[in-house]
Structures are given as C-alpha cells and as structure tokens.
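The values are calculated or read from the model by the stated rules, or taken from the named source; none is laboratory data. This is a predicted model, so every value here is computed, not measured. Cβ coordinates were reconstructed from backbone atoms using ideal geometry, including for glycine residues, and neighbour counts include every protein chain displayed. Calculation scope for accessible area: heavy atoms of the full protein, side chains included, ligands and nucleic acids excluded. Shrake-Rupley method; radii C 1.70, N 1.55, O 1.52, S 1.80 Å.
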Amino acid sequence: KVRSAYDWAGAAARAREDRESLLVQSSPSHFFPELAAARYRAWAVAFGAALMGRPMEFWYEQFLGKPPGIGATTPWHQAEASWGRNLDDRGVTCWMPLHDVDAGNGCMHFTDAGHRDGVLPHRQPPGVQSDLLPCDVDEARTVACPLRLGGVTFHHGKTPHMTTSNGSPAWRRILTQHLRVAGSDGEGDHYPL
C-alpha cells in the first residue's frame, strides 16, 4: 500500500507507512496501461462531451477504496478548487462504483445546482495529511445518489460533492474518470485558501 496507493485521509502526525488505511487512492492505468483503450473510458469521454456541449478528453483517473467499517467520510469539496482556474468550467468527473453503493457504504452526495454557486472558499484541515481541501455547503440542498452496479454519476468541476463513510463489512470500491475540455492545460492558477 505504501508504494502503490496514497491514503490521503490519514493523520499527518503518523508516518505514511504506519497509517491505518481510511481511504486508499491509486491510478489503475499505472498498473494496467491497456485501460487507455477501454470502452468504458471512450464512453465516459463521449458522454461527458454531450453533457458539457464541448469536445472532452480523458485527463486522469483514480481508484478510491474505503475499507470496511473504518473507511473515512470524504468531506464536501469541489474538484475545480483543487484543479485551479486553468480548468474554470472546463472539467467534469465520471464516478463509477464497482458494486452497489448507498449512504451506508459511501455513495456520492451532491449540492443541488451547486455548480452555479462558483468556487467556494476551501481550507486545509488541521492534522490531516491530504491534498483534498474541504468547503462548507448548504446541506439543506444535499442530494444523495445511491447507485446499483452499472450506474454512474457525472458532475461538473464546480459541483460540491462528498461521500459518506463505509460502515459496511466490505470494501467500497469506485473509479473516477476526470475529463477536461480537449486541449486544456492541466491543473494550475490555483484559487487562494
């Protein structure tokens, strides 16, 4: 786990190799380069382009695993707040569970129409070793999105989103595909904290 996965929910006070895995992040393409030609990736790019009304391209992916019983809540955040202004209204994420998901094992939650609120102020939480910067949202606008295997969600880079902890007896496993407008620069010109 230390070489091939990054646990960004861990406490900063503990050495990386000594942390209990609360949320494991990895990039499957590093281990399986053939995924670049996978049909699900081409489908996600085409569907993302239809949603955004612009040609899109695959940017990067993340496998996110939450261990049984201890998998951490992923706090409210916006992807664009981490990506920066280079991707202002130019990024979308496809979130694909590898099994059924609900609020008990870590399904996605969104802020209804939150992409219209702009990029919210984000902060670095004390005591957490993470590049995930949380934000505060109007939780009255929360929409939970449980999914059956085969379902996906897409969300705009400005959409506030979070996932619940994993209280189930099995790993919560998902794959995200991050897409950007074709020809865009990557992450950069970051928003201030």
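Computed extension gain for S82 through A140, at 0.36 nm per residue and net of the alpha carbon distance, reaches 18.5 nm.
Considering only the Cα atoms of region 52-124, their convex hull presents on average a projected area of 6.6 nm². Counted by Cβ distance under 13 Å from S165, the other residues give a net charge of +1, where Lys and Arg count +1 and Asp and Glu count -1. The modelled label-to-label distance between A170 and A38, using points 7 Å beyond Cα along the C-beta direction, is 1.8 nm. Among 171-177, 58-64, the peptide with the highest mean count of other Cβ atoms within 10 Å heads the list, and the full ranking is 171-177, 58-64.
Each of G91, S29, V45 was scored by the projection of its Cα onto the charge dipole of the chain, and the greatest displacement toward the positive side belongs to S29; charges sit on the C-beta of Lys, Arg, Asp and Glu. Note on D102: accessible area approximately 80 square angstrom, rounded to 10, probe 1.4 Å, nucleic acids and ligands left out.
Among A170, A37, A72, the largest mean-square fluctuation in a Gaussian network model of the chain, built with springs joining Cα atoms closer than 10 Å, belongs to A37. Any chance you could look up the accessible area of V119 with a 1.4 Å probe, heavy atoms only, rounded to 10 Å²? So the heavy atoms of V119 present about 40 Å² to solvent. Rounded to the nearest 20 debye, the dipole size of region 119-193 about its Cα centre is 400 debye, using +1 on the Cβ of Lys and Arg and -1 on the Cβ of Asp and Glu. Measuring nothing but protein heavy atoms, the accessible surface of region 83-147 at 1.4 Å probe radius is 49 percent carbon and sulfur. Rg/Rh, computed from the Cα trace of the chain with Rh as the Kirkwood radius, has the value 0.94.
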